[in-house]
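K.L.:
Okay, here's the structure, questions in a sec.
Just so it is clear, none of the values below were taken in a lab; they were calculated from the coordinates. Note that the coordinates shown come from a computational prediction; the quantities given were computed from them, not determined experimentally. Reconstructed Cβ throughout: ideal geometry from the backbone, glycine too, with neighbour counts over all protein chains shown.
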């Protein structure tokens with residue numbers, strides 16, 4: 001275990017040379033001829049999407065809220081209001097102040113009760129509550145507000161405190177000493193704020209709307225069935241259905257899988273789009289009834305527009321960006337191989353970096369858990385590389401999200417078992433046992449092999465400074 005701790009907690013000096021796409025992109029060129037060739041070779045990739053012109057009729061819940069068939073019974077509204085009022089928890093809020101004497105290591109319960117009783121006596125003798133707050137209260141937060149706790153509803157305070165506060169019947173009254181989990185209190189009732197339920201006239205419009213929406217939902221269910229049946233019978237048009245239900249046939253042009261301009265009922269609704277681009281709909285048939293939120297609709301494809309070639313002028317910039325990226329990645333691979341070979345040959349790291357107008361980033365005494373500005377892939381590789389001999393370096397390369405990097409390790413400092421706490425050692429042991437630690441076990445075992453003398457092939461290099 002001691003050897004494992006020394007390996008896991010070791011520190012390494014590392015450097016890495018980032019080979020990033022943005023940097024190499026500025027060093028490559030793409031000609032118009034290359035863009036034209038790519039366009040011709042991949043013509044199928046530069047086509048418009050299949051799009052359709054859609055006609056549809058819809059009924060929404062909001063459309064039916066004020067439907068003439070919905071009758072409003074005033075007595076019924078009053079009954080609903082009465083039910084709402086009865087179920088509403090009125091309650092009240094109480095504004096209070098207090099003086100707290102704590103029970104702590106310096107003062108036991110008996111001493112705290114004795115002191116709060118003395119404070120109560122001073123109040124009876126005419127002392128000002130606010131003055132006694134300043135002198136005796138050990139609640140620093142409320143003491144700065146002359147003991148005020150502000151308005152509060154039930155469920156906020158300690159149960160014993162709350163019971164005593166709500167037992168005070170008049171403002172200005174002060175409780176007897178009350179024990180809570182914080183100590184002993186004297187509580188003063190400063191104000192009572194009773195919540196009043198709004199009158200029927202104030203709530204009537206909301207109650208009526210609730211009734212209308214409930215009945216409108218029933219209407220929507222009924223009419224959606226009739227709407228679907230009518231559209232099915234009509235087959236390949238929606239004009240008769242629209243007329244029958246007093247609806248307007250709406251239209252949307254140029255609808256494809258990713259664009260449904262200006263029509264919220266179609267926007268991003270995959271279920272609707274799946275139906276519109278089905279073989280039946282593309283053949284002009286009316287769709288089945290479709291639910292979209294609080295609305296239903298029936299749609300049909302009035303016309304379809306087959307995919308067409310996109311002009312080169314419209315995609316030239318995108319093609320150029322693709323070609324630049326591809327060339328940059330090739331350049332990175334070439335630079336990586338060249339730099340690796342030069343490092344192996346003993347060429348100075350600074351000269352190699354300058355030849356690509358780059359700079360090495362160095363970090364000293366890095367641990368496995370260090371993050372900061374070091375890319376995770378670089379850190380992982382740095383602890384996979386073997387310990388370098390004196391005056392030499394271990395070298396490797398890794399892939400980054402935006403390119404690649406060369407990584408060197410020049411020094412390894414073993415961890416100190418004596419500086420590891422028992423808790424840390426137990427955690428490391430548990431991590432090794434369960435293999436659920438945050439340590440990268442691949443890099444750990446490679447380093448452990450190197451330290452403990454286990455023989456294993458390693459694809460790394462060692463070079464002179």
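K.L.:
Work out, step by step, the length gained on full extension between residue 20 and residue 205: first 0.36 nm times the residue separation, then minus their alpha carbon distance; give nm to one decimal.
P.N.:
Numbers: separation 185, 0.36 × 185 = 66.60 nm, distance 6.39 nm.
Additional length available on full extension: 60.2 nm.
K.L.:
Using a cut-off of under 15 Å, list every residue of segment 184-200 whose amide N is near the label point 7 Å from the Cα of residue 109 along the Cα-to-beta-carbon line.
P.N.:
Of the residues in segment 184-200, 184-185 have backbone N under 15 Å from the label point off residue 109.
K.L.:
Full-extension gain between residue 350 and residue 48, please, as 0.36 nm times their residue separation minus the C-alpha to C-alpha distance. Intermediate values should be presented prior to the final figure.
P.N.:
Working: separation 302, 0.36 × 302 = 108.72 nm, distance 5.02 nm.
Answer, rounded to one decimal: 103.7 nm.
K.L.:
Can you give me the relative contact order of the chain as a percent, contacts being Cα pairs under 8 Å and 6 or more apart? Please report the intermediate quantities before stating the final value.
P.N.:
Numbers: 702 pairs, mean separation 138.3, N = 465.
Relative contact order comes out at 30 percent.
K.L.:
Let me test this: with uniform point scatterers at the alpha carbons of segment 214-335, what is the Debye-based log₁₀ I(q)/I(0) at q = 0.12, 0.15, 0.23 1/Å?
P.N.:
The calculated log intensity ratios at q = 0.12, 0.15, 0.23 Å⁻¹ are -0.58, -0.76, -1.38.
K.L.:
Modelling each spin label as a point 7 Å along the Cα-to-Cβ direction, I'd like the residue 152/residue 29 distance in nm, to one decimal.
P.N.:
Taking the two extended label points, one gets 7.7 nm.
K.L.:
Treat each spin label as a single point 7 Å out from the Cα along the C-beta direction, and report the residue 387 to residue 92 distance in nm.
P.N.:
It is 7.9 nm.
K.L.:
Let me ask you something else. Taking 7 Å along the Cα-to-C-beta vector as the label spot, tell me the residue 321-residue 258 distance in nanometres, rounded to one decimal.
P.N.:
Each label point is offset 7 Å from its Cα along the Cβ direction, giving 1.2 nm.
K.L.:
Let me ask something additional. What percent do you get for the relative contact order of segment 92-194 when only Cα pairs under 8 Å and 6+ apart count? Provide the component values of the computation, followed by the final result.
P.N.:
Details: 178 pairs, mean separation 47.0, N = 103.
Relative contact order for segment 92-194 comes out at 46 percent.
K.L.:
Could you tell me what a quarter of the Cα convex hull surface of segment 16-95 works out to, in nm² with one decimal place? Show your work: numbers first, answer last.
P.N.:
Details: hull surface 82.8 nm².
Over all viewing directions, segment 16-95 projects a mean Cα-hull area of 20.7 nm².
K.L.:
Something else: Calculated from DSSP H runs of 4 or more alone, at -39500 (n - 2.57) each and per residue, what is the 222 nm mean residue ellipticity of the chain, nearest 500? Intermediate results must be reported in sequence, preceding the final value.
P.N.:
Numbers: 18 runs with 202 residues, N = 465.
The per-residue figure over the chain is -13000 deg cm²/dmol.
K.L.:
Shape of the chain from its Cα gyration tensor (a ≥ b ≥ c, root eigenvalues): rounded if a/c is under 1.5, otherwise prolate when a/b > b/c, or oblate?
P.N.:
On the way: a/c = 3.38, a/b = 1.10, b/c = 3.06.
It is oblate, given that a/c is not under 1.5 and a/b is not larger than b/c.
K.L.:
Would you mind classifying segment 92-194 by shape? Square roots of the alpha carbon gyration tensor eigenvalues, ordered a ≥ b ≥ c; an a/c under 1.5 is rounded, otherwise it is prolate if a/b is larger than b/c and oblate if not. It would help to have the intermediate numbers written out before the result.
P.N.:
Details: a/c = 1.67, a/b = 1.35, b/c = 1.24.
It comes out prolate by the Cα gyration axes.
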